[in-house]
Amino acid sequence: MGSTYLLCRIVDTIEDAAELSPETKRNLSRLFLDAVLERIPSASFVTPCLNALKHYSNRDELDLIAHIPTVLRILRTCSNHDQEAVARCVSIMSEGMSRFHGRQTEAGLKDLTEFEDYCYVVAGVVGELLTSIFRHRSLQFSKNIEGHENLAIAFGQALQMTNILKDSPKDRERGVSWKPSNFSQLELLRIAYQKLSDSLTYILLLPREEVGMRRFCFLAFGLAVLTLDKIAARDHFQKGQDVKLARKTVWSFYGFTKIAASSDILIKGFFYLWGAPLRRLANTQ
């Protein structure tokens, strides 16, 4: 998962580079995917990518791109099953983002269907990846998730919706919106609450003895709940900093996951308490 995150971060870097044209982004995304799938040497992606991003301000992300051969070398030490699952995830994400490169407008995405499609290719597919990896390691989870695979997509989409709402001021500054046009913040928070409810169900399908899997998912889930709780308390906000979680809050919740990950009651209780503002909004007509 660490290697996958780094690969997905590179896809995000290409998307976030405001100075690149949609065509350049599509070309770099195609080269990146070819490098991940070992169709071309890593250098055939790294060199043109760094040249295209020579004015990009985030030096850490450029350093990551320069070290993609190391990331891929580590990934190759994983099982064939895991490598195939990661390749599927990165393929869908890279090709999906390429479709959206030309749709970055200030008005936002066309409708809710396009919005959910975007959330799927950038995050829902990660939920599918987690499910594939978890099923490979836990027979009980494989049985539990049977027929409920869509919950994995909802889990990823909930996290992405949180990021879109949180980052909307920064996106607005660069003339982009990933929200569906004509949808208010309130309407999106209602949808996010339903996605979080499905995410909770997904986490609880993980066997309690699989503490690592549960904690991994619960940490991301909980931080999303806490962030959306702050967003729900405001009619609007001008800066992402206004709804950013304090470091103390993040570390406190991180500690809580150590205690709560194996307890259905504590996980449900957390969502009941901290999800209350979202629940009230969802029930408001």
(message) How long are the semi-axes of the equivalent ellipsoid of the range 103-224, taking √(5λ) for every eigenvalue λ of the Cα gyration tensor, in whole Å from largest down?
(response) 30, 13, 12
(request) Pull out a ≥ b ≥ c, the square roots of the eigenvalues of the alpha-carbon gyration tensor of the range 1-155, then state rounded if a/c is under 1.5, prolate if not and a/b is larger than b/c, and oblate in the remaining case. (result) oblate
(request) For the range 1-15 and the range 30-48, write down the distance between their C-alpha centroids in whole Å. (result) 14 Å
(message) Give me a comma-separated list of calculated 3J(HN,Hα) values for the range 21-31, in order, Karplus coefficients 6.51, -1.76, 1.60 applied at θ = phi - 60°, integers in Hz, x for any Gly or Pro.
(response) 6, x, 5, 5, 4, 4, 5, 5, 5, 5, 5
(message) For the chain, what does the helix formula give at 222 nm: sum of -39500 (n - 2.57) over DSSP H segments with n ≥ 4, over the residue count, nearest 500 deg cm²/dmol?
(response) -23000 deg cm²/dmol
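For the range 63-112, what is the per residue volume of the convex hull drawn over the alpha-carbon atoms, in cubic angstrom? List each step's numbers first, then the result.
Numbers: hull volume 5.3 nm³, N = 50.
That works out to 107 Å³ per residue.
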(message) Students sometimes get this wrong: rank 274, 178, 251 by accessible area, probe 1.4 Å, all chains present, largest first.
(response) 251, 274, 178
(request) Could you run the Karplus curve 6.51 cos²θ - 1.76 cosθ + 1.60 with θ = phi - 60° over the range 226-237 and give me ³J(HN,Hα) per residue in whole Hz, x for Gly and Pro? (result) 5, 5, 5, 4, 5, 5, 5, 7, 10, 5, 7, 9
(request) For the range 142-285, compute Rh as the Kirkwood radius over C-alpha pairs and then the Stokes-Einstein diffusion coefficient at 37 °C and 0.692 mPa s; write the answer in µm²/s, rounded to an integer. (result) 208 µm²/s
(request) Give me the percent of the accessible area of the chain that comes from carbon and sulfur atoms, probe 1.4 Å, all protein chains in place. (result) 53 percent
(request) Two decimals is fine: what is log10 I(q)/I(0) at q = 0.13, 0.26, 0.28 Å⁻¹ for the range 138-195, from a Debye sum with one equal scatterer on every Cα and no solvent? (result) -0.45, -1.06, -1.15
(request) May I ask for the distance between the Cα centers of the range 97-112 and the range 252-285, given as a whole number of Å? (result) 32 Å
(request) Assign unit charges at the C-beta atoms only (+1 for Lys and Arg, -1 for Asp and Glu), then state the dipole size of the chain relative to its Cα centre in Debye, rounded to the nearest 20. (result) 720 debye
(request) Considering the convex hull of the alpha carbon atoms of the chain, report its projected area averaged over all viewing directions, in nm², one decimal. (result) 15.0 nm²
(request) Mind scanning 179/268; 25/244; 170/244 and naming the pairs with a C-alpha gap bigger than 19 Å? (result) 179/268; 25/244
(message) Before I look further, what does the chain give for accessible area per residue, probe 1.4 Å, in whole square angstrom?
(response) 49 Å²
(request) Would you pull out the residues with amide H under 5 Å of residue 109's amide H, same chain only if 5 or more places away, H placed 1.01 Å from N? (result) 179, 181
(message) Can you compute 3J(HN,Hα) from phi for each residue in the range 247-257, using the Karplus curve 6.51 cos²θ - 1.76 cosθ + 1.60 with θ = phi - 60°, rounded to whole Hz and x for Gly and Pro?
(response) 4, 4, 5, 4, 5, 5, 5, 4, x, 4, 4
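The values are calculated or read from the model by the stated rules, or taken from the named source; none is laboratory data. Not measured: the values here are computed from a predicted model. In this analysis, Cβ positions are derived from the backbone assuming ideal geometry, glycine residues included, and neighbour counts consider all displayed protein chains. For the accessible areas, the whole protein counts, side chains as well, though only heavy atoms, and no ligand, DNA or RNA atoms are used. Shrake-Rupley method; radii C 1.70, N 1.55, O 1.52, S 1.80 Å.
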